[in-house]
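Working notes, structure below.
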Amino acid sequence: MEAHSSEVFVIGLTVFFLACIIGYYVVWSVTPALHSPLMGVTNAISSVIIVGAILAAGPQGFDTSKIFGLIGVVLASVNIFGGFLVTYRMLSMFKKKTKKTKEKE
Amino acid sequence: MVAILYLISALLFIFALRGLSHPESSRMGNIFGIIGMIIAVFTTLMFKSVLSYYEIGAAILIGGAIGSFIALRIEMTALPQLVAAFHSLVGLAAVFVAAAAFYDPVAFSIGKVGSIKTASLVEMSIGTFIGAITFSGSVLAFGKLQGTISGKPIVFKFQHLINALIFLLIIFLIVLFVINQSPTIFWTIVIVSILLGFLVVIPIGGADMPVVVSMLNSYSGWAACGIGFTLSNNLLIITGALVGASGAILSYIMSKGMNRSIINVVLGGFGGEQDTSASKDNSDKIVKQGNAEDAAYIMKNADSVIIVPGYGMAVAQAQHALREMGDILKKEGIEVRYAIHPVAGRMPGHMNVLLAEANVPYEEVLELDEINHDFPMTEVSFVIGANDVTNPAAKTDESSPIFGMPILDVEKSQSVLFVKRSMATGYSGVDNELFYRDNTTMLFGDAKKMCEDIVKSLSA
């Protein structure tokens, strides 16, 4: 295992830089009008650290690590639900009015 | 199998951002994001080591209920605060996950207590450091946006030197932590990083908040990345990088909108102080004042009106009354459009969301580059709650703090209506010479009340 750890790190680094490049191009394609929903979505998806929190909260019994994990799960859940919902609310506003104008026309 | 499911989840997150390239595809994007998250959570729950479903389920329900309650109740004008608050939670969650990994490294297969792999320790402490900064910085940004803390920049002597020293101290602590793996040092890193987060945001003024909020957005991504490296989890690394890149680009766009470098914004101290020399020069100049009826008359007789909303519109919650005014004008056959400056409001895209909330069709809402060349052909510019972003001093006065900032050329339209509460300067503390021009009419009062009065006059 130990011998592989540097390799694992390099793979992680590769993934990291490729993801940064993807992020760069994807985010520049976001229309400025939707920059607020963009923050909502990124906020929600950054809470994917819930994955780490679940691993920590996973084992049975109670120890320090598990408590930290559960707190992490609660915090991340607030963000996941809150982030996606508030984004949903924002985006449905961008929908409503186009429909209405079409109806008006 | 796990790796594949995580990959699908990461791809769905990329599609979620990609969907935001157009309002029509954006809702599907949000759904992709939700599916991606569900896959990520359920995949993790399937791990053999994960057994305490009840506790985890309860934690998700509690967090989910709180998050949903807040997200459904929040006023759209309070979005910037909400986003700042959410960022603080991501930061805090990152700290807790790092702490959990430190106390139970076996669960994450990164070694045993007291002999955690060096690489994992470094990654863990970097994740903790960024997470803690994100947490405290966001809490302070929340306070400033909410108004519980003064939005004025707080500047003191040797500020940047102190921050730099604290940063060096943190690096030293991280080295120490990697060597002796002491819990005391771990928590010291947390506390000192929290302190640094406060100190970094304290000198930054209210009007610079769009940059700060974007920056904290970016940090929350890098914190997730740090945790991703600690756990060797590609999903976390990819998502963190996406979010980090997103926040960084938004910060760049916002600072460019003010013609300032990100460094300059971060160093802070901008705005809040009164530029007395500039305001004295104009004290004897005449300001033409008008009322709602005058404004209604001017706009009714125009062919085209461009509305320039700013933070003042958000504060007064004037977007609905404003849209009503726009509707009446449109019925009269007048072309009505909205011009949005990149830094209008307190977060990127703030004005667009408020106008969308008031049912303004997004086709009528244009960005600076799209509409700026139309001002010379426009009869009336209706500026509501905006100031600095229209100030021609940004083009002509090299000594002005806002010199070089791209502005909306409302001065080129035939007449300008300014809805303002008073003659106070904008956040830059600079007086706006537009107020004293012959073709400018000042409409003093609350933005919402003014729009309602104009609507009354128009329909009378």
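Only helices enter the 222 nm calculation for the protein assembly as shown: every DSSP H run of n ≥ 4 contributes -39,500 (n - 2.57), and dividing by all residues gives -21000 deg cm²/dmol, rounded to 500.
Rounded to the nearest 100, the interface formed by chains A and B buries 8200 square angstrom of accessible surface, both chains summed, with a 1.4 Å probe. Set against the 2.2 N^0.38 Å expectation for a compact globular protein, the range B:305-460 has a Cα radius of gyration ratio of 0.96.
For peptide B:244-253, the mean count of partner chain Cβ atoms within 10 Å of a residue's Cβ comes to 6. Shape index of the range B:147-211: Rg/Rh, with Rg the Cα radius of gyration and Rh the Kirkwood radius from the inverse mean 1/r over Cα pairs, equals 1.10. Here chain B has 64 percent of its accessible surface on carbon and sulfur atoms, given a 1.4 Å probe and all protein chains in place. Using only alpha-carbon positions in the protein assembly as shown, the gyration tensor eigenvalues give semi-axes of 46, 26, 18 Å once each is multiplied by 5 and square-rooted (largest first).
Between B:N301 and B:S49, the simple label model (points 7 Å from Cα in the Cβ direction) yields a spacing of 7.7 nm. Extending 7 Å from Cα along the Cβ direction at B:V2 and again at B:V315 yields two label points whose distance is 5.2 nm. Here chain B carries DSSP beta bridges of which approximately 10% are antiparallel, counting only pairs with both residues inside. Rolling a 1.4 Å probe over the protein heavy atoms gives chain B an accessible area of 39 Å² per residue. Take the Cα of A:L18, go 7 Å toward its beta carbon, and the backbone nitrogen atoms of the range B:1-40 under 19 Å from that spot belong to B:1-18.
The values are calculated or read from the model by the stated rules, or taken from the named source; none is laboratory data. Quick caveat: nothing in here was measured; it's all calculated off a predicted structure. A quick note on method: Cβ atoms are made from the backbone with ideal geometry, for glycine too, and the neighbour counts reach across all protein chains shown. Just so you know, the surface numbers come from the protein's heavy atoms only, side chains and all, with ligands and any DNA or RNA stripped out. Shrake-Rupley method; radii C 1.70, N 1.55, O 1.52, S 1.80 Å.
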